[in-house]
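Before any comments, here is the structure.
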């Protein structure tokens with residue numbers, strides 16, 4: 001007989017997201033065990049207990065799937081939008097039956113690499129701040145930043161709400177007309193952080209392209225294209241130091 005396990009772990013293994021996301025399902029009252037609303041920390045046995053999310057029985061634990069997707073601009077990085085929101089989501093771009101969720105966020109106007117998976121443990125490892133996994137972006141600015149703006153960006157910027165960003169690695173890459181491409185490597189991932197930072201620095205953004213998550217790179221993918229991760233890519237993502245700081249080539 002299987003031993004009972006925490007509900008958030010069971011849900012994560014069934015493809016409902018990271019354990020933290022599954023905890024949110026539980027605290028929101030969306031999860032029931034044998035007809036009763038579940039509580040955080042509760043244990044269950046999926047072999048003998050009836051577990052539902054939003055009234056629907058959870059599926060058995062799926063085989064784990066890992067996909068690299070090039071999210072185009074004007075696509076939501078979520079499984080489904082809010083009620084009444086008909087905008088396309090990243091899940092709409094991948095036509096396979098498995099439960100998949102995006103790892104972390106990439107805002108509606110931005111584009112580039114999104115990792116899609118049903119591995120809740122890996123999702124937690126890649127998104128929790130204590131693990132310090134880097135994300136790398138190419139950012140096209142409408143005008144060229146001066147040395148002081150770049151230095152301030154590197155040290156950390158106080159945003160409109162009073163939050164000061166952590167130091168980042170940012171450097172000038174190339175000129176483009178009156179603007180410039182800069183490369184940004186950061187360990188934290190606050191919502192719209194690059195956009196809010198550039199707003200404070202007076203640097204209008206034209207384009208944000210994410211090219212790396214940990215050791216995983218966008219590579220030659222084009223907008224809307226996706227591919228399965230290779231065994232080597234997966235091993236590196238799940239590794240300790242290898243997945244934190246990739247070779248910056």
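The values are calculated or read from the model by the stated rules, or taken from the named source; none is laboratory data. Everything numeric in this text was worked out from a predicted model, so none of it was measured. Note: ideal-geometry Cβ built from the backbone for every residue, glycine included; neighbour counts use all protein chains shown.
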Discussion item. Being in a helix (DSSP H, G or I), outside the structural domain of residue 234 (by TED's automatic domain parsing), without any contact (Cβ under 8 Å) to a residue 40 or more places away in the chain and over 18 Å from residue 68 (Cβ atoms) is the requirement here; does residue 166 meet it?
Written reply: no
Worksheet item: Which strands (runs of 3 or more DSSP E) sit wholly inside the stretch 1-117 and have at least 1 residues that are within 19 Å of residue 213 (Cβ to Cβ)?
Response: 66-71, 111-117
Discussion item. I'd like the residue in the stretch 27-52 that is surrounded by 15 or more Cβ atoms within 10 Å (Cβ to Cβ) and in contact with a helix residue (DSSP H, G or I) (Cβ under 6 Å, 6 or more places away or on another chain) and, out of all such residues, is nearest to residue 137 (Cα to Cα).
Written reply: 31
Worksheet, complete the sentence: Taking the stretch 21-43 and the residues there that are closer than 23 Å to residue 102 by Cα and without any contact (Cβ under 8 Å) to a residue 12 or more places away in the chain, the one that is farthest from the chain's Cα centre (by Cα) would be 29
Worksheet, complete the sentence: Those residues of the stretch 183-218 which are at pLDDT below 95 and in a loop (DSSP other than H, G, I, E, B) amount to 187, 188, 189, 190, 191, 192, 214, 215
Item to complete: Check residue 104 against each of (1) exposed (fewer than 14 other Cβ atoms within 10 Å of the Cβ); (2) in contact with a helix residue (DSSP H, G or I) (Cβ under 7 Å, 6 or more places away or on another chain) and name the one condition it does not meet.
Response: (1)
Discussion item. Can you say whether residue 144 is in contact (Cβ under 8 Å) with a residue 12 or more places away in the chain and assigned to a loop (DSSP other than H, G, I, E, B), as far as the supplied structure shows?
Written reply: yes
Fill in: Criterion violated by residue 109 - all others in (1) in contact with a strand residue (DSSP E or B) (Cβ under 7 Å, 6 or more places away or on another chain); (2) over 24 Å from residue 237 (Cα atoms); (3) in contact (Cβ under 8 Å) with a residue 40 or more places away in the chain satisfied
(1)
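The rows are residues; the columns are (1) without any contact (Cβ under 8 Å) to a residue 40 or more places away in the chain; (2) more than 21 Å from the chain's Cα centre (by Cα).
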site: 12; (1), (2): no, no
site: 19; (1), (2): no, no
site: 45; (1), (2): no, yes
site: 50; (1), (2): yes, yes
site: 85; (1), (2): yes, no
site: 99; (1), (2): no, no
Discussion item. Restricting to the stretch 231-249, and then to whatever is out of contact with any strand residue (DSSP E or B) (no Cβ under 8 Å at 6 or more places or on another chain), at pLDDT 80 or above and surrounded by 12 or more Cβ atoms within 10 Å (Cβ to Cβ), can you tell me which residue is farthest from residue 115 (Cα to Cα)?
Written reply: 239
Practice prompt. Can you tell me which residue within the stretch 147-157, out of those that are assigned to a helix (DSSP H, G or I) and touching a helix residue (DSSP H, G or I) at 6+ places or on another chain (Cβ under 7 Å), is farthest from residue 172 (Cα to Cα)?
Written response: 152
Discussion item. Being at pLDDT 95 or above and not assigned by TED's automatic domain parsing to the domain that holds residue 75 is true for just one of 140, 159, 113. Which residue is that?
Written reply: 140
Worksheet entry | Matching residues in the stretch 9-20 - criterion: being in contact with a helix residue (DSSP H, G or I) (Cβ under 7 Å, 6 or more places away or on another chain) and within 15 Å of residue 101 (Cα to Cα) | 11, 12, 13, 16, 17, 18, 19, 20
